[in-house]
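Colleague: First the structure, then my questions, so here it is.
Readers should treat all values here as calculations from the given coordinates under stated rules, not as data from a laboratory. This one's a predicted model, so the numbers in the text were calculated from it and none came from an experiment. All Cβ positions, even for glycine, are placed from backbone atoms using ideal geometry, and neighbour counts span all protein chains on display.
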Amino acid sequence: MYRNLYGTHPSYLETRYYTTDASGNLTLVTSNEKTPGVNYTSLSHGVYLRNAHGQDVLLRPDNITWRTIGGSIDLYFFPGPSQPEVTASYLNVVGLPALQQFWTFGFHQTRWGYTNISQLQDVVDNYSKFKIPLESVWYVEDALSRQSHGLANRNPGPISTT
Amino acid sequence: MWTPTAKCLLAGCLVLSTCAAIEAQNASRPTTSYAPQFTIPASANDAPPVLPNIRDPLAVDAQTVCPGYIATDVQKTVTGFIAALRLAGAPCNVYGTDIAALNLTVEYQAADRLHVEIVPTFIQPSNASYYILPPSLVPKPSVEANVKSDLEFSWTNDPTFAFTVSRKATGDKIFSTAGTKLVYENQFIEFVSALPENYNLYGLGESIHGLRLGNNFTKTFYAADSPDTVDTYGVAPITNRTAA
């Protein structure tokens with residue numbers, strides 16, 4: 001848990017909440033509790049470190065400590081003032097996500113440990129039987145690379161997915 | 001990049017597209033042999049334990065031993081200013097070799113973007129790729145003209161170089177290294193920014209964690225495979241941030 005997965009995104013958003021007095025002065029709220037009847041406003045900003053080396057980011061009670069084992073300090077600050085603006089500013093720097101192929105949004109079935117093609121065919125057939133739309137079937141390569149009697153040595157033929 | 005025994009969405013093959021290729025591959029192989037399996041040699045147990053710095057109570061705190069920097073030669077530019085940073089004392093060389101001379105560049109690049117860059121002054125072609133991330137790999141944004149920024153950059157040499165980024169409208173310091181030292185070595189860079197009590201901070205990469213990161217959380221950025229204990233795949237939380 002909490003371990004980094006495939007991609008690294010050395011950036012963060014910070015939101016600060018304030019109370020406003022009659023003359024519009026802001027007072028930072030540091031409590032986690034909300035006081036009923038009080039109007040809060042918020043300001044958010046973003047920070048992005050353009051660095052592709054291994055990093056530790058230490059969040060501590062009163063600071064953020066950024067450590068990296070290479071590269072440079074290449075910081076970008078985004079004023080917001082709210083989350084959508086911060087995200088838009090960030091995307092102006094790093095670019096938009098790639099468009100996905102339409103079929104990837106369809107229903108995908110996956111499992112591992114198939115021992116023969118019939119089991120896989122059964123799964124597909126059951127989707128058809130119950131009229132559940134199925135866009136893709138995935139199986140784990142493990143079955144192919146280690147077992148000469150596995151899936152790959154039998155010609156499965158085309159698999160119907162509708 | 002993935003373990004074959006893990007539940008594997010991303011690395012599994014699509015049935016329709018890969019069977020023909022695998023069929024072809026197997027045609028040239030004996031059909032009854034098993035592929036040799038790699039086994040970690042027993043000598044691996046003799047390797048010294050590797051304790052991450054963040055979990056090592058005896059690890060030297062760079063903030064207490066390193067000298068920091070002093071800014072000199074400040075020169076205005078069209079979009080901001082540049083300055084030279086020199087080591088403010090004897091090098092600490094705590095996790096590498098202190099870099100004696102750095103270049104600071106501050107650019108008001110757009111109304112919604114302030115750029116602060118600190119790179120070694122002397123970079124050779126042989127080590128440039130170590131310090132400079134090519135824009136062809138990770139893009140660098142263009143700089144606009146006549147920028148009216150919402151942010152303000154200020155800096156001090158007291159006691160050593162530190163900088164603060166403030167929100168102009170409120171004067172709120174959104175990022176400030178005041179009272180901390182800049183550590184810049186060939187294998188270790190550290191900078192520290194103050195945060196308010198009970199801060200609300202989100203993002204910092206892909207991991208299974210509540211949206212708000214809390215104030216005693218350490219995030220290590222190494223791209224890794226899916227953990228075995230949980231069944232999950234990547235989400236880029238930068239696009240998932242909570243509305244203010």
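Colleague: Just need the Rg to Rh number for segment B:62-190, please, alpha carbons only, Kirkwood Rh.
Modeller: Numbers: Rg = 15.4 Å, Rh = 15.8 Å.
A ratio of 0.97.
Colleague: Longer than 20 Å from Cα to Cα, which of A:Lys34/B:Lys168; B:Lys140/B:Lys219; B:Lys148/B:Lys173 are they? Say none if no pair is.
Modeller: Details: A:Lys34/B:Lys168 27 Å; B:Lys140/B:Lys219 24 Å; B:Lys148/B:Lys173 18 Å.
Listed pairs above 20 Å: A:Lys34/B:Lys168; B:Lys140/B:Lys219.
Colleague: If packing is taken as the average count of other Cβ atoms within 10 Å, what order do A:46-59, A:98-111, A:124-137, B:150-163 fall into, highest mean first? Don't jump to the answer; show the numbers that get you there.
Modeller: Numbers: A:46-59: 20.9, A:98-111: 10.5, A:124-137: 13.1, B:150-163: 17.3.
The peptides rank, most packed first, as A:46-59, B:150-163, A:124-137, A:98-111.
Colleague: What is the distance in Å between the Cα centroid of segment A:58-121 and that of segment B:80-111?
Modeller: One Cα centre to the other: 30 Å.
Colleague: Okay, moving on. With an 8 Å Cα cut-off and a minimum separation of 6 or more residues, compute the relative contact order for segment B:62-190 in percent.
Modeller: This gives 26 percent for segment B:62-190.
Colleague: Answer rounded, prolate or oblate for segment A:11-94, using the Cα gyration tensor with square roots of eigenvalues a ≥ b ≥ c: rounded when a/c is under 1.5, else prolate when a/b is larger than b/c, else oblate.
Modeller: On the way: a/c = 3.30, a/b = 1.88, b/c = 1.76.
The shape class here is prolate.
Colleague: Check which residues have an amide H placed less than 5 Å from B:Asn103's amide H, if you skip close sequence neighbours.
Modeller: Hits under the 5 Å cutoff: B:Leu85, B:Val119, B:Thr121.
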